[in-house]
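Asker: The structure under discussion is supplied below as structure tokens; questions concerning it will follow.
The values are calculated or read from the model by the stated rules, or taken from the named source; none is laboratory data. Values in this document were obtained by computation on a predicted structure and should not be read as measured data. Methodologically, a virtual Cβ is constructed for each residue, glycine included, from the backbone with ideal geometry; neighbour enumeration extends over all protein chains shown.
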Amino acid sequence: MPHARITSVASAVPALVSVHDIAAFLAPEQGGDKVTHIAAQAEIATKGLAVDPRAEDPRGWSTHTRMLRARDEVEPLAERALGTALSRAGVAPEEVDFFAPSTSTVQAVPGLDVLADKVGMRENAQRMPLGPAGCYAAVPSLNVCRNQTAVNGGISVLLVADMFSPHLQPPPYDNEQAVVLTLFGDGAGSAVIRPGTDGHPGLDILDVESLYLAEHRDALKLEPSASGLRMALSPDLPDIVAKGLATPVDALLARNRLGRDDIAHWAVHPGGLRVIDAVASTLALPEDQVSASRAAMRAYGNTAGPAVLTVLERLWDTVIATPGQHTVILSFGPGATIYAMLLRSGG
């Protein structure tokens with residue numbers, strides 16, 4: 001298959017708020033002490049919240065109101081990420097042939113695909129809404145765009161966006177919900193994919209591998225409730241990732257006649273402190289290989305679907321600097337599902 005090349009990545013978040021300030025706001029509630037305790041340990045300084053509960057508390061809203069607000073808030077945020085990715089790639093909207101938006105938290109039809117019209121894509125540009133897939137969404141969605149561009153040519157654009165702030169849950173808060181309230185923030189990410197022969201610098205998408213651990217499908221869930229979307233997040237998830245991670249990673253590398261030491265850069269999903277630590281330990285990665293993931297988590301929390309794109313954006317100038325170097329993207333999410341994608345810098 002001809003190579004498809006990622007030629008730009010961009011992310012966007014709403015106004016950043018202090019995680020500790022949000023924890024202090026929730027502290028008087030039943031279980032609020034758990035939120036403040038988790039926030040103190042999480043190593044997350046800020047995250048983007050389109051709906052700040054200190055100014056406008058969504059906890060009394062109906063699910064209908066929450067979903068409509070998520071739709072209204074996500075569009076300008078996603079449009080910003082999309083516009084930046086197109087601009088960085090030097091691509092005009094009317095040049096886009098295939099548009100793949102993905103979200104797990106904003107449910108409406110039409111959905112994020114309406115942005116094709118807003119930014120000026122052609123009427124006959126193909127649109128394929130994807131998801132929901134949760135935190136692993138970016139990698140399989142990139143693979144959809146890769147296949148489209150490699151087989152049919154043309155320019156594909158990925159957009160991933162998730163909104164958690166309209167779905168802030170009411171008390172009482174147990175340890176699980178305290179982690180959810182601390183960890184997840186709003187965000188959007190976009191990438192432009194072109195044929196790898198067009199001379200534009202970027203990252204060729206070489207291969208992808210996944211692993212689905214059905215016995216752990218309840219470890220991470222996002223389901224509708226009377227108070228919006230409610231997440232279930234098992235404290236065992238980092239251990240589940242650690243146990244399964246080597247299988248898809250080593251299969252991906254072996255198929256391409258590579259070993260872990262041949263990978264120059266790792267873009268690891270910033271799924272939380274313990275998740276990043278588990279990945280680094282399992283793959284024996286030095287600290288500098290996960291520092292971008294830690295920095296993204298510290299600044300934005302876990303934005304779910306677009307999260308690993310924020311890491312790749314931070315690494316961008318480094319990963320494309322030396323032609324021929326390999327990068328692996330890792331994302332993890334509901335299922336439990338692990339995705340690994342192999343990239344090679346080219347130009």
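Asker: Cβ-Cβ under 6 Å, sequence separation 6+ or interchain: first residue in region 199-226 and over 29 Å from Leu183 (Cβ atoms), partner of a type in the set (Gly, Ala, Ser). Which pairs?
Answerer: Hits for this filter: Pro201/Gly347; Asp204/Gly196; Asp204/Gly346.
Asker: Right, another one. Restricted to region 67-88, and to residues that are crowded, with 23+ Cβ neighbours inside 10 Å and in contact with a strand residue (DSSP E or B) (Cβ under 7 Å, 6 or more places away or on another chain), which residue is nearest to Gly154 (Cα to Cα)?
Answerer: As a first pass, look at region 67-88 and keep what is crowded, with 23+ Cβ neighbours inside 10 Å: 70, 74, 78, 81-82, 85-86.
When the remaining residues are screened for being in contact with a strand residue (DSSP E or B) (Cβ under 7 Å, 6 or more places away or on another chain), the result is 74, 78, 81-82, 85-86.
On the way: Val74: 27, Ala78: 22, Ala81: 21, Leu82: 17, Ala85: 16, Leu86: 14 Å.
Checking each candidate, the answer is Leu86.
Asker: Can you confirm whether Met341 is surrounded by 22 or more Cβ atoms within 10 Å (Cβ to Cβ) and under 20 Å from Gly196 (Cβ atoms)? Lay out the reasoning, then the answer.
Answerer: Working: surrounded by 22 or more Cβ atoms within 10 Å (Cβ to Cβ): yes; under 20 Å from Gly196 (Cβ atoms): yes.
Yes.
Asker: Among the residues that make up region 136-148, is at least one of them closer than 26 Å to Ala15 by Cα, hydroxyl-bearing (Ser, Thr, Tyr) and in a loop (DSSP other than H, G, I, E, B)?
Answerer: Checking region 136-148: not a single residue is closer than 26 Å to Ala15 by Cα, hydroxyl-bearing (Ser, Thr, Tyr) and in a loop (DSSP other than H, G, I, E, B).
Asker: Specify which of the listed residues (Gln126, Gln148, Gln107) is of a type in the set (S, T, N, Q), in contact (Cβ under 8 Å) with a residue 40 or more places away in the chain and either touching a Phe, Trp or Tyr at 6+ places or on another chain (Cβ under 6 Å) or in the same structural domain as Arg230 (by TED's automatic domain parsing) (or both). Before you say what the answer is, go through the steps one by one.
Answerer: Details: Gln126 fails: in contact (Cβ under 8 Å) with a residue 40 or more places away in the chain; Gln107 fails: either touching a Phe, Trp or Tyr at 6+ places or on another chain (Cβ under 6 Å) or in the same structural domain as Arg230 (by TED's automatic domain parsing) (or both).
Of the residues listed, the single one that is of a type in the set (S, T, N, Q), in contact (Cβ under 8 Å) with a residue 40 or more places away in the chain and either touching a Phe, Trp or Tyr at 6+ places or on another chain (Cβ under 6 Å) or in the same structural domain as Arg230 (by TED's automatic domain parsing) (or both) is Gln148.
Asker: When Val74 is evaluated against the numbered criteria (1) under 27 Å from Gly271 (Cβ atoms); (2) part of a loop (DSSP other than H, G, I, E, B), which criterion, by number, is the only one it fails?
Answerer: (2)
Asker: Continuing with the same structure: I'd like to check something: does region 38-60 contain any residue that is touching a His at 6+ places or on another chain (Cβ under 7 Å) and not small (Gly, Ala, Ser)?
Answerer: Just the residues of region 38-60 that are touching a His at 6+ places or on another chain (Cβ under 7 Å), to begin with: 39.
From what is left, the residues that are not small (Gly, Ala, Ser) are none.
No, region 38-60 contains no residue that is touching a His at 6+ places or on another chain (Cβ under 7 Å) and not small (Gly, Ala, Ser).
Asker: Of Val160, Val151, Val179, Val192, which residue is out of contact with any Gly (no Cβ under 7 Å at 6 or more places or on another chain) and over 14 Å from Ala4 (Cβ atoms)? Even if it seems obvious, please write down each step before you answer.
Answerer: Values: Val160 fails: out of contact with any Gly (no Cβ under 7 Å at 6 or more places or on another chain); Val151 fails: over 14 Å from Ala4 (Cβ atoms); Val192 fails: over 14 Å from Ala4 (Cβ atoms).
Answer to the selection: Val179.
Asker: Going through region 206-227 one residue at a time, which ones are part of a strand (DSSP E or B) and either in the same structural domain as Pro172 (by TED's automatic domain parsing) or over 30 Å from Leu342 (Cβ atoms) (or both)?
Answerer: Here is the first cut: in region 206-227, the ones part of a strand (DSSP E or B) are 206-212, 220-225.
Across region 206-227, the qualifying residues are Glu223, Pro224, Ser225.
Asker: Give the residue, chosen from Ala78, Ala50, Ala42, that is more than 15 Å from Val160 (Cβ to Cβ) and either modelled with pLDDT of 95 or more or touching an Asp or Glu at 6+ places or on another chain (Cβ under 9 Å) (or both). Step through it out loud before you land on a result.
Answerer: Working: Ala78 fails: more than 15 Å from Val160 (Cβ to Cβ); Ala42 fails: either modelled with pLDDT of 95 or more or touching an Asp or Glu at 6+ places or on another chain (Cβ under 9 Å) (or both).
It is Ala50.
Asker: To continue, here is another question. Does Val119 meet the test of being touching a Pro at 6+ places or on another chain (Cβ under 9 Å), buried (at least 24 other Cβ atoms within 10 Å of the Cβ) and either outside the structural domain of Ser225 (by TED's automatic domain parsing) or among the polar types (S, T, N, Q) (or both)?
Answerer: Criteria not met by Val119.
Asker: Now a separate question. Filter region 9-23 down to the residues that are touching a strand residue (DSSP E or B) at 6+ places or on another chain (Cβ under 7 Å) and surrounded by 22 or more Cβ atoms within 10 Å (Cβ to Cβ) and list them by number. If you could, list the steps in order and put the result at the bottom.
Answerer: Our first condition is that a residue be touching a strand residue (DSSP E or B) at 6+ places or on another chain (Cβ under 7 Å); within region 9-23, this holds for 9-19.
Those that are touching a strand residue (DSSP E or B) at 6+ places or on another chain (Cβ under 7 Å) and surrounded by 22 or more Cβ atoms within 10 Å (Cβ to Cβ): Val9, Ala10, Ser11, Ala12, Val13, Pro14, Val19.
Asker: Still on this model: Answer with yes or no whether His64 is without any contact (Cβ under 8 Å) to a residue 60 or more places away in the chain, more than 18 Å from the chain's Cα centre (by Cα) and part of a helix (DSSP H, G or I).
Answerer: On the way: without any contact (Cβ under 8 Å) to a residue 60 or more places away in the chain: yes; more than 18 Å from the chain's Cα centre (by Cα): yes; part of a helix (DSSP H, G or I): yes.
Considered against the rule, which asks whether it is without any contact (Cβ under 8 Å) to a residue 60 or more places away in the chain, more than 18 Å from the chain's Cα centre (by Cα) and part of a helix (DSSP H, G or I), His64 comes out as yes.
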